[in-house]
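The values are calculated or read from the model by the stated rules, or taken from the named source; none is laboratory data. Quick caveat, the model's predicted, so the values are computed rather than measured. So basically every Cβ, Gly included, is an ideal-geometry build from the backbone, and we count neighbours across all protein chains shown.
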Amino acid sequence: MNLFALEKRILDKKLLIPRKSIEKRVKKLANQISLDYEGREPVLIGVLKGVIFFLADLARELSIPAKIDFIRAASYGSSMTSSRTIQLTKDVEIPIQGKPVILVEDIVDTGLTLTHIMQEVERKGPESIRICALIEKLERQETKVPIDYCGFRINEGFIIGYGLDFDEKYRNLPDLYVLS
């Protein structure tokens, strides 16, 4: 896709979820996690890069202590579809053996990347692993991932904004949009 076509496509974006709705949902997720982990200190592991805004907002809303770390897996590159080759490019740095872990993801699309990450984290011997995802996209799921805390479920569309990107662009949009 040439640059002109891409820029026109971005201009044709359609608002999916406004920032106020995102804020409300993040608060509800944080409240539920805080209740579920009362008296414990989970390790939140954010899946880079798209999770940056969601994880920051979620962590600030928690009423319990939590540790934060990151993991990074790449499978999209400059495309709108997964390459199906999952590459771990950053691993967790703090010890998680015997600790409750919550993997925090921006979007669960095919489920392949998150399944791969879960397997890698499981090898480190955490007490438990739960999944918190901002968006579960139902359109292209190939592997069902058990999402314990889900912000929004959508059927289809390529989503940008609030950390989600297309070719490293548009992460900074405060709302969620669908490219039309």
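Of all residues in region 117-131, how many are outside any loop (DSSP other than H, G, I, E, B), free of Cβ contacts under 8 Å to residues at least 40 places away in the same chain and either in contact with a His (Cβ under 9 Å, 6 or more places away or on another chain) or not charged (D, E, K, R) (or both)?
So the answer is 5.
Could you identify the single residue in Ser75, Ser128 that is hydroxyl-bearing (Ser, Thr, Tyr), over 16 Å from the mean Cα position of the chain (by Cα) and over 19 Å from Arg19 (Cα atoms)? I'd like the intermediate steps shown before the answer.
Details: Ser75 fails: over 16 Å from the mean Cα position of the chain (by Cα).
None of the other options fit; the residue is Ser128.
Scan Leu114, Leu134, Leu58 and give me the residue that is part of a helix (DSSP H, G or I), surrounded by 13 or more Cβ atoms within 10 Å (Cβ to Cβ) and in contact with a helix residue (DSSP H, G or I) (Cβ under 6 Å, 6 or more places away or on another chain).
Details: Leu114 fails: in contact with a helix residue (DSSP H, G or I) (Cβ under 6 Å, 6 or more places away or on another chain); Leu134 fails: part of a helix (DSSP H, G or I).
After applying the criteria, what remains is Leu58.
Can you tell me which residue in region 61-80 is surrounded by the fewest Cβ atoms within 10 Å (Cβ to Cβ), limited to those that are of a type in the set (Gly, Ala, Ser) and either in a loop (DSSP other than H, G, I, E, B) or modelled with pLDDT of 95 or more (or both)? It would help to see each step written out before you state the result.
We begin by selecting, within region 61-80, every residue of a type in the set (Gly, Ala, Ser); these are 63, 66, 73-75, 77-79.
Still in the running and either in a loop (DSSP other than H, G, I, E, B) or modelled with pLDDT of 95 or more (or both): 63, 66, 75, 77-79.
Numbers: Ser63: 11, Ala66: 18, Ser75: 17, Gly77: 12, Ser78: 9, Ser79: 11.
Looking at residues that are of a type in the set (Gly, Ala, Ser) and either in a loop (DSSP other than H, G, I, E, B) or modelled with pLDDT of 95 or more (or both), I get Ser78.
I'd like to know if region 81-96 contains one or more residues that are part of a strand (DSSP E or B) and more than 17 Å from the chain's Cα centre (by Cα). Give the steps one after another, and end with the answer.
Of all residues in region 81-96, those part of a strand (DSSP E or B) come to 87-90.
Still in the list and also more than 17 Å from the chain's Cα centre (by Cα): none.
No, there is no match, as no residue in region 81-96 is part of a strand (DSSP E or B) and more than 17 Å from the chain's Cα centre (by Cα).
Do you know which of the residues in region 29-55 that are in a loop (DSSP other than H, G, I, E, B) and surrounded by 14 or more Cβ atoms within 10 Å (Cβ to Cβ) is nearest to the chain's Cα centre (by Cα)?
Filtering first and then ranking leaves Val51.
With respect to Ile147, determine if the residue is part of a loop (DSSP other than H, G, I, E, B), within 24 Å of Gly161 (Cα to Cα) and in contact with a strand residue (DSSP E or B) (Cβ under 9 Å, 6 or more places away or on another chain). Before you say what the answer is, go through the steps one by one.
Details: part of a loop (DSSP other than H, G, I, E, B): yes; within 24 Å of Gly161 (Cα to Cα): yes; in contact with a strand residue (DSSP E or B) (Cβ under 9 Å, 6 or more places away or on another chain): yes.
Considered against the rule, which asks whether it is part of a loop (DSSP other than H, G, I, E, B), within 24 Å of Gly161 (Cα to Cα) and in contact with a strand residue (DSSP E or B) (Cβ under 9 Å, 6 or more places away or on another chain), Ile147 comes out as yes.
Pairs under 7 Å by beta carbon, first residue more than 17 Å from Gly161 (Cα to Cα) in region 13-37, partner surrounded by 13 or more Cβ atoms within 10 Å (Cβ to Cβ) and small (Gly, Ala, Ser), six or more apart or different chains?
The qualifying pairs are Leu29/Gly151.
Report the residue count in region 96-109 for those that are on the phi < 0 side of the Ramachandran plot, surrounded by fewer than 19 Cβ atoms within 10 Å (Cβ to Cβ) and free of Cβ contacts under 8 Å to residues at least 40 places away in the same chain.
Filtering region 96-109 for residues on the phi < 0 side of the Ramachandran plot gives 96-97, 99-109.
From the residues that got through so far, the ones that are surrounded by fewer than 19 Cβ atoms within 10 Å (Cβ to Cβ) too are 97, 99-100.
Those still in the list that are free of Cβ contacts under 8 Å to residues at least 40 places away in the same chain too: 97.
The total comes to 1.
How about region 162-180: which of its residues are surrounded by 14 or more Cβ atoms within 10 Å (Cβ to Cβ) and free of Cβ contacts under 8 Å to residues at least 24 places away in the same chain? Before you say what the answer is, go through the steps one by one.
The initial filter retains those residues of region 162-180 that are surrounded by 14 or more Cβ atoms within 10 Å (Cβ to Cβ), namely 162-166, 170-171, 173, 175-179.
Across region 162-180, the qualifying residue is only Leu173.
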